[in-house]
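Worksheet: one structure, shown below.
Derivation of every value follows stated rules applied to the coordinates shown; laboratory data play no part. Quick caveat, the model's predicted, so the values are computed rather than measured. Reconstructed Cβ throughout: ideal geometry from the backbone, glycine too, with neighbour counts over all protein chains shown.
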Amino acid sequence: MASWRDSVSQAAQDDLDQLLNLALPFAEQCLTKYGEFFPFSIAIGVDGEPIFIATESSMEEHPQSNDVIAESYEALAAQRNSIRAAVVVSDVRLREQDSDAVYIATEHAEGLGLGLYQPYTLVPGGDVELGDMSLVAGERVIWPEG
């Protein structure tokens, strides 16, 4: 079976790896400290530097997750000519597995969209135990097909 890495350049792979290396530890840090996290997004600018995206809803004390996600996609789509990759990260429930998970929706300007689920369990003392990550086809919102 072909890997997603076979369908994009090394530069795109590096961009997505960089985003994952920023997003997952931050989500884990929030889970350890607060037991939850609100959705957030990060992009890689055309200069290769990470950009943390703030939305109006994300500035509220208790934002509605769907609002933050929608505003994140709007902000990223508006910047699609000055970014080359992005992730939108949210805390989700996997009913089939009876588990919580970090969901990382990734997109790259080269036309790749992937979703990554990182199941987790909060353990006494504030630690986070991570399960096996799974990969699914992702929706392309920032750089839609066609």
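Debye calculation, C-alpha points only, no solvent: report log10 I(q)/I(0) for the chain at q = 0.12, 0.16, 0.20, 0.21 Å⁻¹, in the same order as the q values.
Rounded to two decimals, the profile gives -0.48, -0.86, -1.29, -1.39.
Can you tell me the dipole magnitude for the chain around its Cα centre, using point charges on the Cβ only (Lys, Arg +1; Asp, Glu -1), in Debye to the nearest 20? Write out the running numbers ahead of the final one.
Numbers: 7 positive and 25 negative charges, 45 e Å.
It comes to approximately 220 debye.
In whole Hz, what ³J(HN,Hα) sequence does region 106-113 give by Karplus (6.51, -1.76, 1.60; θ = phi - 60°), x for Gly and Pro?
Result, rounded to whole Hz: 10, 9, 9, 4, 6, x, 9, x.
Name the residue from 102, 138, 83 whose Cα lies farthest towards the positive end of the charge dipole of region 65-138, charges +1 on Cβ of Lys and Arg and -1 on Cβ of Asp and Glu.
83
Between residue 140 and residue 26, what length comes free when the chain is fully extended (0.36 nm per residue of separation minus the Cα-Cα distance, one decimal in nm)?
Numbers: separation 114, 0.36 × 114 = 41.04 nm, distance 2.34 nm.
Extending this stretch completely gives an extra 38.7 nm.
How about region 34-74: which GluC sites (Glu not before Pro) there lie in a loop by DSSP and see at most 13 other Cβ atoms within 10 Å? All intermediate terms of the calculation are to be shown ahead of the outcome.
Numbers: sites: 36, 56, 60, 61, 71, 74; in loops: 36, 56, 60, 61.
Listed in order of number, the matching sites are 36, 56, 60, 61.
Got a sec? How would 52, 37 order by Cβ neighbour count within 10 Å, fewest to most?
Numbers: 52 10, 37 18.
Ascending number of Cβ neighbours within 10 Å: 52, 37.
Each label point is 7 Å from the Cα along the Cα-to-Cβ direction; what then is the distance between the points at residue 47 and residue 129, in nm?
Simple spin-label model gives 4.4 nm for this pair.
Under the definition of Cα pairs under 8 Å and six or more residues apart, what whole-number percent is the relative contact order of region 4-137? Walk me through the numbers before you get to the answer.
Values: 232 pairs, mean separation 28.4, N = 134.
This gives 21 percent for region 4-137.
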